[in-house]
Amino acid sequence: MTRRWILVTGCSTGIGRHLVGALRRRGWGVVATARRPETLADLPPGEDLRVLALDVCDAASIAAAVEACRDLRLIGFVNNAGYGQIGPLELLTEDELRRQFETNVIGLHAVTRAFLPLIRKNAARGEGRVVQVSSMLGRLSIPLAGAYNASKHAVIALAESLRLEIGDEIPVLLVEPGAIRSEFRETLTKAWGDLPERAKGTPFEAVLRRYMEKRKELSEAHAYDAGQCAERIARAISAARPPRRLTIGKDAFWAGKAKAILPAFLWERLLRRAYGLR
Ligand SMILES: NC(=O)c1ccc[n+]([C@@H]2O[C@H](COP(=O)([O-])OP(=O)(O)OC[C@H]3O[C@@H](n4cnc5c(N)ncnc54)[C@H](OP(=O)(O)O)[C@@H]3O)[C@@H](O)[C@H]2O)c1
């Protein structure tokens, strides 16, 4: 039988990078993509790998990637590319919010729309795979990450609507990880630009300073390994009947439960305390 192919966005590092190997080990052909394809040069070559440039914020790059997949039996894609914009909402600029949505939401939607016709053409009923990577922060919100929380809530809403629209024909799988050890935290500090300057003299100055230390400390203590996370996603994708929703990590599981059962005032008090906001 011809090989089944799946495309993954954001494979330069982290979950996406591990997913390439995890899917290939399960027999998938993988189209590994990154906005800087040179970052994929060290992937072990093989007939089951195609490497492409793909910036989810660039329509021409998405269109070129679709064309470059036409000769494959591409039956799915994983919208993994994303980053976290940090900053208290009072200090967050409209441009920062726009950029966050441009990558995490509009980019994901653009890839989805561009590749669905190809998937529909290549996949038998129930065989296709649309995988949208959201986050535990798509179900609950933490302080100082409002832009990211909002973008991941939007990903969940889009995936749930898409599933209602096409789910009978093409399974749509939502991935909701808790904290994962990857380059994500390095990127957080890059994306906040001159935020520490902007925070000077505001009530958030000290809070922000502690914030990254705290996230780093929590991540080192509790974060789930990106390789294991990718294995879980690859297993779910490869299942005959993929789950609708894949929650990854104890933090994601328990935070969801705690939010559902605790009175709001207590939940908020816990979060404020955890992030140094009094
Ligand atoms: N790490 C966590 O704690 C965590 C938790 C829940 C959900 N997630 C989600 O999991 C996904 C993967 O994150 P990760 O932890 O593996 O972080 P990561 O190591 O920072 O990987 C993010 C990937 O997204 C790519 N990317 C960013 N903007 C892009 C664009 N415009 N076009 C194409 N690729 C782009 C990055 O490429 P460059 O190298 O070019 O920047 C990188 O390959 C993200 O959607 C993230 O929100 C992460």
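The values are calculated or read from the model by the stated rules, or taken from the named source; none is laboratory data. In this text the structure is predicted, and so the values were computed from the model without any measurement. Because the Cβ atoms are built from the backbone with ideal geometry, glycine has one as well, and the counts that use them run over all protein chains shown.
Can you name the condition, by its number, that GLY16 falls short on among (1) without any contact (Cβ under 8 Å) to a residue 60 or more places away in the chain; (2) within 8 Å of the ligand (Cβ to nearest atom)?
(1)
Out of all the residues in the range 36-46, is one or more within 12 Å of the ligand (Cβ to nearest atom), part of a loop (DSSP other than H, G, I, E, B) and either among the acidic types (Asp, Glu) or over 23 Å from GLN228 (Cα atoms) (or both)?
yes
Select from the range 101-126 the residues that are outside any helix (DSSP H, G or I) and crowded, with 19+ Cβ neighbours inside 10 Å and list them in ascending order.
ALA123 - this is the single residue of the range 101-126 that is outside any helix (DSSP H, G or I) and crowded, with 19+ Cβ neighbours inside 10 Å.
Does GLU176 fit the bill of being in contact with a Lys or Arg (Cβ under 8 Å, 6 or more places away or on another chain), surrounded by fewer than 21 Cβ atoms within 10 Å (Cβ to Cβ), among the charged types (D, E, K, R) and not in a helix (DSSP H, G or I)?
So GLU176 does not fit the description; no.
May I ask you to list the residues in the range 16-35 that are part of a helix (DSSP H, G or I) and either of a type in the set (Phe, Trp, Tyr) or touching a Gly at 6+ places or on another chain (Cβ under 9 Å) (or both)?
Answer for the range 16-35, where residues must be part of a helix (DSSP H, G or I) and either of a type in the set (Phe, Trp, Tyr) or touching a Gly at 6+ places or on another chain (Cβ under 9 Å) (or both): GLY16, ARG17, HIS18, GLY21, ALA22, LEU23, ARG24.
If I filter the range 179-192 down to residues being more than 6 Å from the ligand (Cβ to nearest atom) and not in a helix (DSSP H, G or I), which single residue comes out as modelled with the highest pLDDT?
Restricting to residues being more than 6 Å from the ligand (Cβ to nearest atom) and not in a helix (DSSP H, G or I), the top hit is ARG181.
Of all the helices (runs of 4 or more DSSP H) wholly in the range 193-278, which have at least 1 residues that are modelled with pLDDT of 95 or more?
226-238, 250-261, 264-274
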